[in-house]
Structure formats: structure tokens, C-alpha cells
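J.: If you scroll down you'll find the structure; I have some questions about it.
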Amino acid sequence: MLSLNELWFVLVAVLFIGFFFLEGFDFGVGMSTQLLAKSDTQRRVLINSIGPFWDANEVWLLTAGGAMFAAFPNWYATLFSGFYIPLVFLLLALIGRGVAFEFRGKVGDVRWKRVWDGAIFIGSVLPPFLLGVVFSCLIQGLPINEEMQMYAGFFDVVNAYTVVGGLTMVMLCLLHGLMFTTLRTIGDLQERARRMARRLLLSVAALFVAFGVMTYFMTDIFEKRGAVLTVLLVLALLAFLLGGYFMNVKRDGWAFGMTGAVIALLVTSVFVGLFPRVMVSSIHSAFDLTIYNAASGPYSLKIMTIVAVSLLPFVLGYQIWSYFVFHKRVHEKEHLEY
């Protein structure tokens, strides 16, 4: 039976997995507005394809941050203070992207739309890259002292390993978004999204393998959870290969599920490798933040569990219903501006 500390660690992990799976295709579609669309109409189609979903998908990130704050306040304090600058840029990128979705169609001027289209693209590339960097840092280790204070220099955060982690997440999101586009569009846009996804397979595979090899040699998570992580990575590789197969036979729904599975398994591997730690200290293992020394008191965790169990079914039910209601494809004949 899970303790409350373990339960809330699992819940935080599930929230981040859900965020990357759902918001991952939003980010990919946002990148596609510049990389795939050939006209303003096609950009509108791509934006409309995620219009009913993107804001609800971002709630998963907010909820994950709130759960960290309530269940593991020391983790939240160390993480958010130590990564203050990257997280501010992350927040600004998400805000700019959301504003751009609303504002780009308010004026018919080409330059106006070009500015907001740029905001959509940057706001879709920067968040997965920054989050990939942050999660890579968590398992690589950071200079955290006995007082749970993190004093990280530039190269503690930005180095070869973390940059590869960030790029891997960006490319996985782009691939995931392209497969979502094949599910939500028809005609030329759908076919070109499928072709672009197939062309990206080798480069994404190379990044994924490089990140896995670097993780093995540059972190200790395989020493801690080697058997489980090996299984997860084999499953991720299998999902990736199946995704490529389903792309080739035009089974777009299955391909989308497989690209999402790769992202989910990658994020799961991070949390499995960390457990029971939540942040690794590069100074000394005695200074690691864990689910025990970073957690709230037992009474707080108990009350939070009751509230979460009561409200979670309604939240999940609403989001599932929204995907059902807006399941129809979007096409260029619909001149709708989101």
C-alpha cells in the first residue's frame, strides 16, 4: 500500500505525464503553423484544430505546480526559486501563445498576423525545450546544499546533456502534433503532415537514442532503477517503431497513440529514476530532496487526498466530454477564425 507521500509523488508524476501527452500535441501543432502551413487559411485550420483543447491542456501544468506546492513545499520552493529565470520565460511564452491565438484574427493586416504567428511558434517551441532542460537537470543533479538551497550556475543548467533533453522533447512534441493534425484535418494538409512526420522519424530517433545513452553515462538513475528503466525504454522504442509503421499504413489514430506513448514513457522514466528523490544534489547525496524531507505534514496530505479524490472525476469527465464534443475534423472550407 502506498504511503501518502508516495501517493502524491505518483499524482504529481501523472499530472506531468498528462500535460506532456496533451499539451505536447498542442505545441506540435503550434510549430506546424510555420513549418507545415502554406497559407493563412491553413494556419487558421491548424489553430482551429486545437482551439477547443489547448487552454484545458495547460491546466494540467498549473495543477501539477499546485500539487507540488501543497504536497511538497520544499521541492516547489527549491525548484521554482532555482529555475526562476527559465520558468519566467516559460510563463511568458505560454501567455504570448494564448494571446496570439485570440488576437491574430482581430485585424486583417498581414503584418499583424505575422507578429502573432511568430508568437505562436515561439510559444510552442520554447516551453517544451525549457521543460525538457529542467527535467534533465532534475536527474543530472544540481548544486543543492543542506538547507535545500540551489545555487546553480549557467552551465549547471545549460550543458550538452540538458540541451539534448530539451531538443528531444521539442522534436517529440512536433511529431506528436503532426499526427494530431492527421486526425483533425483532411486533404492536402493531412497528407503533408503525415509525410513530414515520416521524414522526421530518423532525426527524432537519433535524438532519443542520444539522450538515452547520455542519461546512462551522465546520471545515476540506471544505478538506482536500472531494471525498470530498461523495460520502460524498450517499451518506448517499441512504441516508436510501431508509430512509424502505423504512419506508413495511414493508421493515424494508432500512430498518434504511439507518439503519445513515447512521450509518456519518457516522462515516466524521469520520475521512476528519481524516486524516492525529487531533486538530486550534485554536492552530496545527503542533500537530495526526497518525498519525505520535502513533503507537507501527514494531516495536510490527508486532507488534500480527500479533496483530490472528490474533485478529480469531475475534472477528467469534463475534459473527456470536451474531446468527444469537438471530435470532428477541421477543413479549409470552414473559414472560421479562432
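J.: Looking only at region 215-224, decide whether some residue is crowded, with 20+ Cβ neighbours inside 10 Å and not β-branched (Val, Ile, Thr).
T.: no
J.: While we're here: Mind checking which residues of region 42-64 are open to solvent by 10 Å² or more (accessible area, probe 1.4 Å) and under 24 Å from Trp321 (Cβ atoms)?
T.: Across region 42-64, the qualifying residues are Asn48, Pro52, Trp54, Asp55, Ala56, Glu58, Val59, Trp60, Leu61, Leu62, Thr63.
J.: Could you give every pair whose Cβ atoms fall below 8 Å, whose first residue belongs to region 161-177 and is closer than 11 Å to Met31 by Cα, and whose second residue is surrounded by fewer than 24 Cβ atoms within 10 Å (Cβ to Cβ) and among the hydroxyl-bearing types (Ser, Thr, Tyr), counting only separations of at least 6 or pairs across chains?
T.: These pairs meet every condition: Met171/Ser203.
J.: Something else now. Could you tell me how many of the residues in region 154-209 are touching a His at 6+ places or on another chain (Cβ under 6 Å) and among the hydroxyl-bearing types (Ser, Thr, Tyr)?
T.: 0
J.: I'd like the full set of residues that are open to solvent by 10 Å² or more (accessible area, probe 1.4 Å) and closer than 12 Å to Ile50 by Cβ, limited to region 1-35.
T.: If the condition is that a residue be open to solvent by 10 Å² or more (accessible area, probe 1.4 Å) and closer than 12 Å to Ile50 by Cβ, then Leu22 is the only one that fits.
J.: Yes or no: Ala67 among the small types (Gly, Ala, Ser), surrounded by 20 or more Cβ atoms within 10 Å (Cβ to Cβ) and touching a residue at least 24 places away in the same chain (Cβ under 8 Å)?
T.: Spelling it out, Ala67 is indeed among the small types (Gly, Ala, Ser), surrounded by 20 or more Cβ atoms within 10 Å (Cβ to Cβ) and touching a residue at least 24 places away in the same chain (Cβ under 8 Å).
J.: State yes or no: is Val29 over 16 Å from Met169 (Cα atoms) and within 20 Å of the chain's Cα centre (by Cα)?
T.: It is false that Val29 is over 16 Å from Met169 (Cα atoms) and within 20 Å of the chain's Cα centre (by Cα).
J.: Also: For residues that are open to solvent by 30 Å² or more (accessible area, probe 1.4 Å), within 20 Å of the chain's Cα centre (by Cα) and of a type in the set (S, T, N, Q), tally how many sit in region 238-272.
T.: Residues flagged as open to solvent by 30 Å² or more (accessible area, probe 1.4 Å), within 20 Å of the chain's Cα centre (by Cα) and of a type in the set (S, T, N, Q) within region 238-272 amount to 1.
J.: When only residues in region 84-107 that are among the charged types (D, E, K, R) and part of a helix (DSSP H, G or I) count, which is farthest from Gly177 (Cα to Cα)?
T.: Result: Glu102.
J.: Continuing with the same structure: Identify the residue in region 273-313 that is of a type in the set (Ser, Thr, Tyr) and in a helix (DSSP H, G or I) and, among all such residues, is least open to solvent (accessible area, probe 1.4 Å).
T.: Per the criteria, the residue is Thr305.
J.: Which one of these is in contact (Cβ under 8 Å) with a residue 12 or more places away in the chain, out of contact with any strand residue (DSSP E or B) (no Cβ under 6 Å at 6 or more places or on another chain), under 26 Å from Met214 (Cα atoms) and aliphatic (A, V, I, L, M): Leu301, Leu265?
T.: The match here is Leu265.
J.: Let me ask something else. Hey, which of the helices (runs of 4 or more DSSP H) in region 108-212, taking only ones fully inside, have at least 2 residues that are at pLDDT 95 or above and open to solvent by 30 Å² or more (accessible area, probe 1.4 Å)?
T.: Hits in region 108-212: 110-140, 160-184.
J.: Ok, one more. Closer than 30 Å to Ala70 by Cα, out of contact with any Cys (no Cβ under 8 Å at 6 or more places or on another chain) and not β-branched (Val, Ile, Thr) - does that describe any residue in region 25-43?
T.: yes
J.: Only residues that are β-branched (Val, Ile, Thr) and touching a residue at least 24 places away in the same chain (Cβ under 8 Å): list them for region 12-46, please.
T.: If the condition is that a residue be β-branched (Val, Ile, Thr) and touching a residue at least 24 places away in the same chain (Cβ under 8 Å), then Val12, Ile17, Val29, Thr33, Thr41, Val45 are the ones that fit.
The values are calculated or read from the model by the stated rules, or taken from the named source; none is laboratory data. These figures come from a predicted structure and were not determined experimentally. We place every Cβ from the backbone using ideal geometry, glycine too, and count neighbours over all the protein chains shown. These accessible areas exclude ligands, DNA and RNA; they are computed on the full protein's heavy atoms, side chains included. Shrake-Rupley method; radii C 1.70, N 1.55, O 1.52, S 1.80 Å.
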